[in-house]
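The values are calculated or read from the model by the stated rules, or taken from the named source; none is laboratory data. In this text the structure is predicted, and so the values were computed from the model without any measurement. Methodologically, a virtual Cβ is constructed for each residue, glycine included, from the backbone with ideal geometry; neighbour enumeration extends over all protein chains shown. Note: areas computed on protein heavy atoms with side chains; ligands, DNA, RNA excluded. Shrake-Rupley method; radii C 1.70, N 1.55, O 1.52, S 1.80 Å.
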Amino acid sequence: MELAAGAIFAAPGDHSVKVRCVEVAGKKCFDLLPRARAELKLMEDQGGRVNMVGVTDADTWAEDECLRTITEAQARRATAGHARNEESSRSHFICIMELHTGGSL
């Protein structure tokens, strides 16, 4: 993520990135951008694409702002200790970085 944000914002011109961060834990999906994690609904459209209903978008205009947004979202992941690891997330972190000019990373 650091490399992607660095490459985007180092390129000449004005750049902005829309960031979405979610946690997938078992059969549930949580939005990690709001201060309080919110469970998301996943809905399949007629074309077979899965959409996250109610996911929060964060518009970022600088590399440090983009990385801070992602870091704060990562900190909201649920963790719990177990025998092999004192702090295990038991989940997957998904970060979607969408260029406002079109395209995604």
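Quick notes
- Dipole size of the chain about its Cα centre, with +1 on Lys/Arg Cβ and -1 on Asp/Glu Cβ: approximately 560 debye, rounded to the nearest 20.
- Cα-Cα P(r), the chain, percent of pairs per 5 Å interval: 2, 12, 20, 21, 17, 14, 9, 4, 1, 0
- Calculated FRET value between L42 and Q74, using beta carbons and R₀ = 22 Å, to 0.05: 0.60
- Over the chain, Cα pairs under 8 Å with separation of 6+ residues give a relative contact order of 34 percent.
- Heavy-atom accessible area per residue - the chain, 1.4 Å, Å²: 67
- Portion, in percent, of the accessible area of the chain that falls on carbon or sulfur, probe 1.4 Å: 50
- Sparsely packed trypsin sites (Lys or Arg not before Pro) within segment 12-51, loop by DSSP, other Cβ within 10 Å at most 14: K27, R35, R49
- Extension gain, W61 to L99: 0.36 nm times the residue separation minus the Cα-Cα distance gives 12.6 nm.
- Proximal charge balance of S91 [Cβ under 10 Å; K/R count +1, D/E count -1]: +2
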